[in-house]
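See below for the structure under consideration.
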Amino acid sequence: MRLELKGITKKFGDFTANDQIDLVAESGEIHCLLGENGAGKSTLMNVLYGLYQADGGEIVLDGKPTVFAGPGEAMKAGIGMVHQHFMLIPVFTVAENVILGHEPTKALGFLDVDKARELVREISERFGFDIDPDAVVGDLPVGVQQRVEIIKALISDAQVLIFDEPTAVLTPQETDELMQIMRQLKDEGKAIVFITHKLREVKEVADKITVIRLGKVVGQAKPSDSSEQLASMMVGREVDLSVDKQPAQLGEASFQVKNLTAFSAQGSKVLDDVSFEVQRGEIFVIAGVQGNGQTELAESILGIQDKVSGSIKLEGKELLGRSVKNVLDSGVGFVPEDRTEDGLVADFTIAENLMLDRSDRPPFAKGIQLQLKKLHEFAEEKLKSYDIRAQSIFSKARQLSGGNQQKVVLARELSRDLKLLVASQPTRGLDVGSIEFVHEQIVAARDSGIPVVIIATELDEATQLGDRVAVMYKGKIVGIVSPETPREELGKLMAGISA
Amino acid sequence: MKQSKKTPIALMLLLAVASLIIPNVQGQQLEVRVATGTDLFPIPNIILPSQGFVAVMLILMLAMTALSVYLTFVRNRKTPLIAVIAFGFGLVMTVLTWLFSGATMGITTLLAGSLALAVPLIFGSLSGALSERVGIINIAIEGQLLAGAFTSALVASVTDSVLIGIFAAMIAGSLVAAILAVFSIKYLVDQIITGVVINVLIIGLTSFLFSTLLADNISILNQPPRFERISIPLLSQIPIAGPVLFNQTLIVYLMYLAVAGVFLALFKTRWGLRLRSVGEYPKASDTVGINVFRTRYMSVMIGGALAGLGGSFFTLGQVGAFGKEMTNGAGYIALAALIFGRWNPIYAAMAALLFGFALNLQYALQIVGSPLPSEFLLMLPYVLTVVAVAGLVGKVRGPAAAGKPYVKS
């Protein structure tokens, strides 16, 4: 099957997410769509999958122009999609999830569950997946859930398979396995469109590469091109992929976490006897696949995690059991992983967001009265020094791009007298330019002589930024290693295999 | 993972309450009448020594509590549902013995009455199940019941036909559901607020029409024919079960069908699978080509039709005429039954039966003259609901997308 996108244009209001995009996917070929977050990759695929309607251009399948009114029609035409956020229903079984939308039935619309199981087993065996059709999806590990998602796409006999950022949630091992599955699918004659921003994966698996930037195709590339070449195409300028930092000037271990154990609201253990120390002037990275207790660890430090026991000491002072305000006043800077939910009040202005944590004290408040003039001066200064691109300090936080939102958060957190900086996935979803800036700020914080704790899910970021790397798995720290540790070993740790 | 300690603690508390009852059991014996005139063979009344029977029940409760404590604190395991049910049985028997000791307890009439009272609750909870399983929180069950009650009285009076009456009730119920659906699906209004507003609207509307229309023309507009009792040959002659289950009115038989039908439809058919997927994760349903909006409208309106049917019980089954606000909160109890029954039609129906039993008990007690004020028993369904929602019967988790409008991006 040959799928052609011709001049696809998609607008959201004034914003053009896709501008005259051309793309060809042919059977027996893996076509990578490379681009930064927000470049318009997912929009394009949602147009292709019938979730969005294009404002211009056409989709041509085997020479015939086609219009998909919805995902159902795209599926019927042989297009399958493995979504970035799995489209699986956690409380349903594998079989139920797989057949949803095209259920085998007996008389009167009764489900043919045996046939559903059979279908799952058949595909599962063909790819060596070993999946129990009666397992409840919510109980399965993320990697297995993704396989269910793949089976779901294959069951309707898809000829074109779209993988939307499929490796975001996988361990390095699972990623390798996924690459293997993609090759196998290719050998079966499927056309594969692989959307990603990870250069390593592109170079490993792609037959063709199309790079898009700001909604436009900027060109084709070859898998043999260097990472720097691909990155500069993606970003539109020369980029330096390494983090620029001097050797750490280590001081005393002023931040100590001991025997930290925490339970979720449902009663399961989310932190299991976590202990580590961070020295002044050191970046301590906590790596691991998302959802292995990192969020809970960060929230425990800040004091918003319930049911925690153990000890968290900053310069000899116990933080555990204190209120969030008290923790912040002790000199903890916190950059949350979800900046729009936890880091900012989206409908507040930049200026208001910059004083969220200090709205009750000088210089921003005098008694019960806010000192707006002082605040505005402060905000103007930060706008300049952090290069926050906004119309004014009165722009609402929600109007900013992700990178600029993160700059507001950093400006606020770093403008206090810090004794510790905790940043959870500080570069998640940012463009390469903003990532460079955020990394610089973090290194600068380290060099000012405070301990820094970074939670990273991208292995490259962990090893480039960190002076030491701890790997978390199922709430435990399974190893604390040097950033020079080979990737394979880190990958093993991330899968819970301790050295 | 640690087990929740709620169950053993609750059992211990209830046991303490039950043991307070023992010294208060008056009278020597409890006479239980099982037989009715239509039984295949006669059964003598069962006579139980009150004190002894209560003692046996107390031992049963004690054993179940001990088991729960042992499992939770020593073995770190869950208390099985059957133990909780056995405890509940013991508790109910203890209370019944206390209340009826020295008098005769007609068990068949008590149960048959309970079943009848549970009918609107069951239909209401089915409406709730169909609505919430598809992701729309249904506080408007009360309004649906009331609209059904009013419409069936009016239409059945005018046409002199019970069947046309219940048909009209179904239409009225689904129209009320349609208001809920439009506001929550199309206009994205908060579903709980919409539901409450609809209830107020329907109460006002029916009361207004009642005073301006029905009250002046009672003989034409508010004197509907009533459901006839239909006894099913042979089945109705089985002792206890026969008169309770198979000597009932049309609407009760319809209720059996509805419970089984909704259960099968929800869990065994393609339609139900899609419906539940929409209630859990509508975006996932959308990406496999399921029309989320149509599924929601359909399910909510079918639910409304069932609740409307249930509403006709009040007028055509029970009272024989419409009265202001005659549903009297049944919709909310149905909602409680739904949660108690964990959004499963069969469990919800059982919960509704329990509530029906509690409602009927107070009528029975007024006749025997019991030591307990009847208002106290009226509290029972609500107490049970609080207990249920607090998680005594395991983790209560509704459909994930309930209450959240789906917006296509």
Which listed residue, of A:Gly128, A:Gly101, is more than 16 Å from B:Ser277 (Cα to Cα) and either assigned by TED's automatic domain parsing to the domain that holds A:Ile181 or surrounded by 15 or more Cβ atoms within 10 Å (Cβ to Cβ) (or both): A:Gly128
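Given the criterion at negative phi and touching a residue at least 12 places away in the same chain (Cβ under 8 Å), identify the matching residue among B:Ala284, B:Ala336, B:Ala265. So that I can check it myself, show each step before the final result.
Details: B:Ala284 fails: touching a residue at least 12 places away in the same chain (Cβ under 8 Å); B:Ala265 fails: touching a residue at least 12 places away in the same chain (Cβ under 8 Å).
None of the others qualify; the one that does is B:Ala336.
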When residues of segment A:436-450 are limited to those that are touching an Asp or Glu at 6+ places or on another chain (Cβ under 9 Å) and under 30 Å from A:Gln84 (Cα atoms), the one surrounded by the most Cβ atoms within 10 Å (Cβ to Cβ): A:His439
Residues being surrounded by 18 or more Cβ atoms within 10 Å (Cβ to Cβ) and either in a helix (DSSP H, G or I) or at pLDDT 90 or above (or both) - total across segment A:132-163: 19
Those residues of segment B:284-326 which are farther than 22 Å from B:Ile179 by Cβ, β-branched (Val, Ile, Thr) and either more than 12 Å from every other protein chain (Cβ to nearest Cβ) or outside any helix (DSSP H, G or I) (or both), in sequence order: B:Val288, B:Ile290, B:Val319
Checking A:Gly433 against (1) over 18 Å from A:Ala298 (Cα atoms); (2) crowded, with 19+ Cβ neighbours inside 10 Å, the condition it does not meet: (2)
Search result, residues across segment B:212-239 that are without any contact (Cβ under 8 Å) to a residue 40 or more places away in the chain and among the small types (Gly, Ala, Ser): B:Ala215, B:Ser219
Residue that is surrounded by the fewest Cβ atoms within 10 Å (Cβ to Cβ), among those in segment A:256-280 that are over 17 Å from A:Val481 (Cβ atoms) and among the aliphatic types (A, V, I, L, M): A:Ala265
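Restricted to segment A:251-293, and to residues that are of a type in the set (Ser, Thr, Tyr) and in a strand (DSSP E or B), which residue is nearest to the other protein chains (Cβ to nearest Cβ)?
Among residues in segment A:251-293 that are of a type in the set (Ser, Thr, Tyr) and in a strand (DSSP E or B), the one nearest to the other protein chains (Cβ to nearest Cβ) is A:Thr261.
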Residue in segment B:121-128 that is among the aromatic types (Phe, Trp, Tyr) and more than 20 Å from the chain's Cα centre (by Cα) present: no
Condition broken by A:Gln20, with the remaining ones in (1) surrounded by 15 or more Cβ atoms within 10 Å (Cβ to Cβ); (2) under 29 Å from A:Ile435 (Cα atoms); (3) modelled with pLDDT of 85 or more satisfied: (1)
Residue that is buried (at least 18 other Cβ atoms within 10 Å of the Cβ) and more than 8 Å from every other protein chain (Cβ to nearest Cβ), where the choices are B:Leu266, B:Leu257, B:Leu250: B:Leu266
Filtered residue count, segment A:319-352, keeping only those that are more than 24 Å from the chain's Cα centre (by Cα) and in a helix (DSSP H, G or I): 9
In segment A:44-73, the residues that are under 20 Å from A:Phe194 (Cβ atoms) and touching a residue at least 60 places away in the same chain (Cβ under 8 Å): A:Leu44, A:Met45, A:Leu48, A:Tyr49, A:Leu61
Scan of segment B:81-108 for residues that are free of Cβ contacts under 8 Å to residues at least 60 places away in the same chain and touching a Ser or Thr at 6+ places or on another chain (Cβ under 9 Å), ordered by number: B:Ala83
Looking only at segment A:44-68, and only at residues there that are of a type outside the set (Phe, Trp, Tyr) and at the interface with another protein chain (Cβ under 10 Å from one of its Cβ atoms), the one that is nearest to the chain's Cα centre (by Cα): A:Asn46
Residue list for segment A:72-121, restricted to those being under 23 Å from A:Leu185 (Cβ atoms), polar (S, T, N, Q) and either in a strand (DSSP E or B) or within 10 Å of chain B (Cβ to nearest Cβ) (or both): A:Asn97
Scan of segment A:335-388 for residues that are of a type outside the set (A, V, I, L, M, F, W, C), touching a residue at least 60 places away in the same chain (Cβ under 8 Å) and either surrounded by 21 or more Cβ atoms within 10 Å (Cβ to Cβ) or farther than 20 Å from A:Ser401 by Cα (or both), ordered by number: A:Pro336, A:Arg339, A:Gly343
Residue count, segment A:451-494 (criterion: surrounded by fewer than 17 Cβ atoms within 10 Å (Cβ to Cβ) and under 14 Å from A:Gln290 (Cβ atoms)): 2
Given (1) over 21 Å from the mean Cα position of the chain (by Cα); (2) aromatic (Phe, Trp, Tyr); (3) buried (at least 17 other Cβ atoms within 10 Å of the Cβ), number of the condition A:Phe194 does not satisfy: (1)
Any hit, segment A:306-318, residues being of a type in the set (Gly, Ala, Ser), in a strand (DSSP E or B) and either touching a His at 6+ places or on another chain (Cβ under 7 Å) or on the phi > 0 side of the Ramachandran plot (or both): yes
Unmet requirement for A:Gly128, which otherwise passes all of (1) assigned to a loop (DSSP other than H, G, I, E, B); (2) more than 7 Å from chain B (Cβ to nearest Cβ); (3) closer than 21 Å to B:Arg133 by Cα: (3)
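For A:Asp417, state whether it is acidic (Asp, Glu), touching a residue at least 60 places away in the same chain (Cβ under 8 Å) and closer than 30 Å to A:Lys313 by Cβ.
Criteria met by A:Asp417.
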Helices (runs of 4 or more DSSP H) wholly inside segment B:144-239 containing at least 3 residues that are in the same structural domain as B:Ile251 (by TED's automatic domain parsing) and modelled with pLDDT of 95 or more: B:162-181, B:191-209
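The values are calculated or read from the model by the stated rules, or taken from the named source; none is laboratory data. Quantities reported herein were computed from a predicted structural model and do not represent experimental measurements. Please note: Cβ atoms are built from the backbone with ideal geometry, for glycine as well, and neighbour counts cover all protein chains shown.
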